[in-house]
Structure formats: structure tokens, C-alpha cells
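Read through the structure below, which is laid out as C-alpha cells, and then see the notes.
Values quoted throughout were computed directly from the atomic coordinates according to the rules given, and no laboratory measurement underlies them. Fair warning: this is a prediction, and the values are worked out from it, not measured in the lab. Cβ coordinates were reconstructed from backbone atoms using ideal geometry, including for glycine residues, and neighbour counts include every protein chain displayed.
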Amino acid sequence: MVKHSLSTRRRVAVAILCVVTIVGAFVVRLVDIQVVRADQLVTASLEKTSGAGTLYAPRGNIVDTNGVLLAGSVTLFDVTISPKDVDDITRTDENGESVTVPAAEALAEVAAATGKKPEDLEKIVEDALAKDASANFAILARGVDYSTYQALVELKKRGTWWIYTQQTSGRTYPNGAVAGAIVGYVGTDNAGLGGLELAQDTCLTGKNGQQAFQRSKDNVALPGTTVVTKEPEPGGELQLTIDSDLNWYLQQLVASQVLAQGAKWGTITVTEAKTGKIRAIAEAPSLDPNDVSSTASEERRSRVFQDRFEPGSVFKPLTAASLIDAGLATPASQVVADYRYKPENGASIKDALPHERQHLTLAGVLQTSSNTGTSQLGEKMSPEDRYNYLDAFGFGHASGLNFPGEQKGVLHPWQEWDNQTYYTTMFGQGVDVTGIELASAYQALANLGEKLPLQLIEGCSYPDGTVTQVPEQPKAERVISEKAALETLGMMETVVTEGFWSESLEIPGYRVAAKSGTGEQIINGILQDTFYSSMAGAVPADDPEYVVTVTLKDPLYKRSSAAAAPVFKEAVLQVIKKYGIPPSTTPGASYPGTY
Amino acid sequence: MSATAVRLPHGAFAPTPQTTPRPVRAVPAVSPSPRPKLAYAVVAIGGVLAMVVAQLLLSVGLSQGAYEISALQQQQTTLGWQQQSASDDLLEVSSPQYIAANAQALGMVINGTPAYLRLSDGAVVGVPAAAATETEVPVGPSTLVGNSLIAGVPLVTVPGASVDPNATGTGVADPAAPVAPVSLENGIPAPQTR
């Protein structure tokens, strides 16, 4: 009896020990799993059972003033390859027999579909394998379009399994080079690199969102488990003041003349006189943002904003307007203009071409673009006052549009003017301007003396309806009196009807105000035999609606403003047609040029 | 016990033993319970089975639906890409360069001075003039304003022709190329008389 109970007790003890050991082991394991490695295991399990995806927020569009798409976002595809897997493939031909296609041939098919050279693709694969024999990733092509993607999917279906596609986002510019330098371009990461794509990057860039879901083994989201953890925020739509149709025509026009005249480059701007809104900035050569690499990097600029030049005689109306505004001259003010003028301070002024002594009025000075006449009349104003007028017209201040890389003109303070510069600044030499500054100054003249800040952007609107970056209600600054502006515009009208290039400039039925300019350029101290040829003016002359400026650099066959004059006329004609400006019903201004 | 206590005669109240025995009866016969009906079992088991099957089917259906949804979503994405691709093509052929290329292929020229016909009284406003082939600025090819997206796209106005795929440059002549000859028609460096 005693012996029996002892064995029972021992058995019980052993059993309890076993139980305690086992429970202890489980407890240890439990703590290990639940506490010690909890985070790691949870992460691992989530990785196996859940998926996350990026919800791409598209970059905003850029549209013109009428909503025409200038830049838009598109879905593109990156093509990648697993180099270690590149091998012969088997596929079933049309007779249902399986054939083996050599790897090189299969790769050549991929090359044909992506528009690349087979040897380039082979090199990519070889390079990747040389670096790492087990490489399973290499990029074959970036940003291919949907039709290429379809071709690749077809190839994949037919056995070329070691190529992969990955969705990505790209940029398209359906109108190509229309306002290309203004619209700008993006880099491979879709961030702005030039033009307004760069300047307005914050408006255009969206914020990608995130979504999470539980997934099955083969990566299919389980129904009802998808949760958007972060909503994507699409970028804003940037609306420009530019009219793309007008811009295209003017680009075609200026490019035609650049070609015909062998010029280096040319630009045309059209600005609304009464609002300061820029309707066109046409440049040749132009930049096609779809194919930026075809333009040399130093050419990827907007010449209107980024090139400075001495404008020449297009400055004379501004000098004349200042004189009239200050009460120092009238359109009828008289001057005796010789070919040369040697004032007492030792400067030496001459006209572009030799001529007999002329008895000119101020209007006549503009019509014949007389440097000597301008100099003698301009003497009536102190250099300080004249500097203040030019400063008020905006020279040396840039456009205020903060265009990337924008230059400022150089208007030296009047105290620094030497004897020659004192005179030459009256007719646009010894002073550097940008095309946009010139357009801005003429806007003030055409808006009857009131200068408005130029405007290139209407606003940036987001899908939720908010609109930002709408320029403030422009505050006009009076530069010259309305009377001075009207009289100057009247004199400029006689430049069109009576001046050198009237045959190239006159538009029957319309009153147009314009002034030509042939800017000399000195490079490394040497006066060049080519010029900046320009025209600037407004239409209709009696109550200007639009300001048009034309600049050509170094035209070879007509080495003067004669190269720009017909371009100006065609540009004005197009503006008239585009905006339906009715023919003038009033007689043109009449200011006799001689006395 | 008080002194006044009455001593009662012994046995006066002695209990009378009542020994009447209870009657002994046999255990009553339990009425036999009715036999369980088979139908109930069938219903219960069938119900459980039905639930299991339904659960299975539902689960299969649901997961099948998930695949279907996934496939349809994929299809939707693909169709979205297709639509985008088509609308991009449309935008490209709507570009001014393409229209100009077509117009030039037909030999069209740009209109000259605008004039208007006033509807109210039929008056001609402005000075009408015919469009001319020769303009003072000779109109260059439409490819001067580049658009690489339409390079090589066939023209609609002239069968067989297409937008010059090589002229998608920057809009000026190749500087290395020989300069164009001076055109006496358009390029004499002096004021013209008509």
C-alpha cells in the first residue's frame, strides 16, 4: 500500500514537472513572439498580407488664355529588363508549332518596338551583367508611349517574359514649339527645368497619395480592404494670358523672316495696351519642349526676357514724349538737322546716312529718324529729368514677371553719362534693354501714358475650385500725360505714312503708330556691321488696343529696320484679324515733317 | 421545575404508536418516449451542410468577384490609357503646325488686308485686297515652328504626303547650310515702290 502511493506521487511530480516545463516553454515562446519580436513579426506578416500603392497626382496642365492645352500630363511607361534571365524564348507560331527564338532576335524585337537600336539594348544587358552576374534589373527605355507599351505587352504575351513595364508619368506639349520657350520644359523627374514650368513649379506640382489594402498571395486586393491613407492632390492648372493661335502665327512669321534675312534670331511681342496682358511672345529659333535635346543648351532661353541689346531709334518716341510731357517741345518744334552734329561738349553725332541740311519738325525728326535732330531737341531737357522719364518707362527694372533667368536692361545713372552717352541715350544707344522692357515702355505710351505691370499668367486653379496667383488689380502709374502720349502716337502714325518704310508698313484702312530702330552693337570694342533691327508700335493709333514689338538680330540682307518693318506690318495685320479690330473711321494724324 | 408543578400520572399522554405502514406500490411504468423523427435529423444536418456549402460558395464567389473586379479595374485603366492616347493624337493633329502643313500642301497662302462686309447695310468696311503668294516676308515652311509630336504624320489634304520628319528643328536654318540667295522680289535693301 505505501509503495503504491509513493510511485503515484512520483508520477504526479514528473507530470507536473513536464507540464510546468512545457507551459514554461510556451510562455517563453509567447513572450518572444508577442513582446520581443512583436514589431518585426507584425511587419513581416503585413508585408505578406497587405499591399500599398502610390496614387499618382498628375502635374497640372498649362493652358493658354482660351484653354488650349499647351502642356499636359500623360501616362508613359518605363521599360525594364531582367538581364540574368535574357535567354532564348519559345513561342507558338501560327501553325501551332512551338519554335525557339534566339535571345538576340527577341531583343531585336524589343528594340524595334521601343524604337531603339538592337546593339544599344544588348549593351545595356551586357553592362548590367558585367557589373553583377545575377542582375535582375536594368532600364531599357524611359517614358515610352501607350502604343509602344501595347507592342511590348504583345511581345510579352508571345514569350518575351523577361521584359517588364512600369507605369510612370510624363509631359506632353501638343502644340510643340508654340510659346515653347515661355512654357518651358521639365526634366526626367517631371520637375520644371525651364520657363514657366520652372517658375510655376509650386502651382503645377501635385502631391502623390497613398493607398493600402490586404492582398491575396497573387497580389490581388481583397475586396473591401482598400483604404486610401492619403488622398492625392493634383497640381493646379496654370492659365496664361498668351493666345496660342496668335503666338503660332507670329512665330511662323518671325521664323520666316529670320530664315529669309539670315538673321541670328527674332522676336515679336503683342501686349494688350489697356490691361498689360501679354498675348504673344514669338521667338525664332523656337524651343520644342517635346524634344528639348534638339535645341543646344545655350539656346534654351527666351530671348525676349534673357537677351539685352541697344535698341536704337525705337527710343526716339520716348524721348519725344518726355519732351512734350515736360512742355519743352511740341510736334511742331523746329530744328535744323544736318548729317553731323558736333555739340559744344565735344560729342559727335551723325545720322545713319549722309543727307543735305533738313528743316525738320519734331514729327519730321521721328519720320526721318534724325539723330542730329533728336539730339538738338533733347538738349532742352536736363539729363536728370530724362533719366527719370526713362526710369519711369521701366528701363533697367526688368518686367516684374520674374521669368527664370530674366535679365535687366542697363540704364546707367545720369551722373555716369559721358558727353557722348548724354546724347546717344536720346536715340537708344548707350543703353541696354530687354525685349520685354521695350514692350512694357510702349505699353505705357499706348495706354495714353499710364504704365501697367505686364501680365503673363491669368492664375493657377486647383480642382477644388480655388484659384491662386491671380495678379493683383494692376496699379497704373502715370509716366506721361495723355496729351503727350496722344501727340507722340500721332507723330508715330506719320512715321508709318510718311517715313522710310511706309511702303512696308501702311495698312489701308487702318491707323497704325510705329517707330523703327536700327541698333548698333559693339562687341569687344568693335562696332559691328550688323544691327538689331526693330519696330515698335501700337494699333489703332487713335486709341491703341495692342502694342506690337519686333526685334531681329543681325539680319544680313536688309541690315536695318527695313528687315523688321514688313514683319511688323504682318504682325499688326494678324492682330487686327485675330481681334476683329474695325477699320478706322477717323482721318489719320497729320503732322508736317518739315517747315 | 417549580413546586407548583402538577405531576401528571405517568403515561397519561404517552403517544400512541401509530404503525399503519405505507402501502408499497410498484414503480409506475414510464410511458415510452416517442421515437425521434428522422426528418429533424435530416433538417439539422442538412442545415449545417447547407450553411457550410453556402459559406463556401459565398467565399468562392466573393473571391471570384475580387478577381473580376481586379480584371475590370485593369481593363478600365487600359481603356483610360487608350482614351488618353487617342485624345493626345487628336490634340497633336489639332496643332497649328499640322493645320499649316496641310494648308501649305494645298498651296494655300495667308490672307492679306482684312475687310468686313457689314450686314446691316451691306457696306464693305476696310480695303479688301486679294491674298498674294508673294509677300514681303516670304512665308517659310510650316516646320519652322517645330513640333516633334507630328513629325512624319501623314497629311490629310494630300494623300501620300506627310509632315517632314526631319524638319523638327528649332525654327531656323542650319547655320552650316548655305545661306539663301538674296531674293530681289522680297529682299532688296531699299524702300520698295509699288
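Some observations on this one:
- Anisotropy class of segment A:113-240 from Cα gyration tensor, a/c 1.5 cut: oblate
- Dipole size of segment A:373-427 about its Cα centre, with +1 on Lys/Arg Cβ and -1 on Asp/Glu Cβ: approximately 140 debye, rounded to the nearest 20.
- Positive-pole candidate from A:Thr49, A:Ile33, A:Ile22, dipole of segment A:21-104, charges at beta carbon: A:Ile22
- Dipole of chain A computed with +1 at Lys/Arg Cβ and -1 at Asp/Glu Cβ about the Cα centre; of A:Val86, A:Leu377, A:His397, farthest Cα towards the positive end is A:Val86.
- Prolate/oblate/rounded call for segment A:452-558, Cα gyration tensor, a/c under 1.5 rounded: oblate
- From least to most packed, judged by other beta carbons within 10 angstrom and beginning with the fewest, A:Asp243, B:Asp121, A:Asp120, A:Asp432 follow the order B:Asp121, A:Asp120, A:Asp432, A:Asp243.
- Charged-residue dipole, Cβ positions (Lys, Arg, Asp, Glu), chain A about Cα centre, Debye nearest 20: 2300 debye
- By the Cβ distance rule (another cysteine Cβ under 4.7 Å), the unpaired cysteines of chain A are A:Cys18.
- Taking A:Lys157, A:Lys553 and counting other C-beta atoms within 10 Å, the order from fewest to most: A:Lys157, A:Lys553
- Estimated vicinal HN-Hα couplings, Hz - segment B:129-139 in sequence order (Karplus 6.51, -1.76, 1.60; Gly, Pro = x): 8, 6, 6, 10, 5, 8, 10, 5, 9, x, 6
- Shape of chain A, Cα gyration tensor, a/c cut at 1.5: prolate
- Taking amide H as placed 1.01 Å from N in the peptide plane, A:Lys277 has its amide H under 5 Å from the amide H of A:Glu272, A:Gln455, each at least 5 places away in sequence or on another chain.
- Residues A:Arg300, A:Arg9, A:Arg559 arranged by fewest to most Cβ contacts within 10 Å: A:Arg9, A:Arg559, A:Arg300
- With θ taken as phi - 60° and the Karplus curve 6.51 cos²θ - 1.76 cosθ + 1.60 applied, the whole-hertz 3J(HN,Hα) list for segment A:326-335 is 7, x, 9, 7, 10, x, 9, 3, 9, 8 Hz, x standing for glycine and proline.
- Segment A:491-546 pair-distance distribution - Cα-Cα, 10 Å bins, rounded %: 23, 41, 20, 13, 2
- Calculated FRET value between B:Thr78 and A:Thr43, using beta carbons and R₀ = 25 Å, to 0.05: 0.15
- Given charges at Cβ of Lys, Arg, Asp, Glu: chain A dipole, positive-most of A:Cys460, A:Thr585, A:Asn208: A:Asn208
- Using C-alpha pairs under 8 Å with a sequence gap of at least 6, the mean separation divided by the residue count of segment A:240-324 gives a relative contact order of 25 percent.
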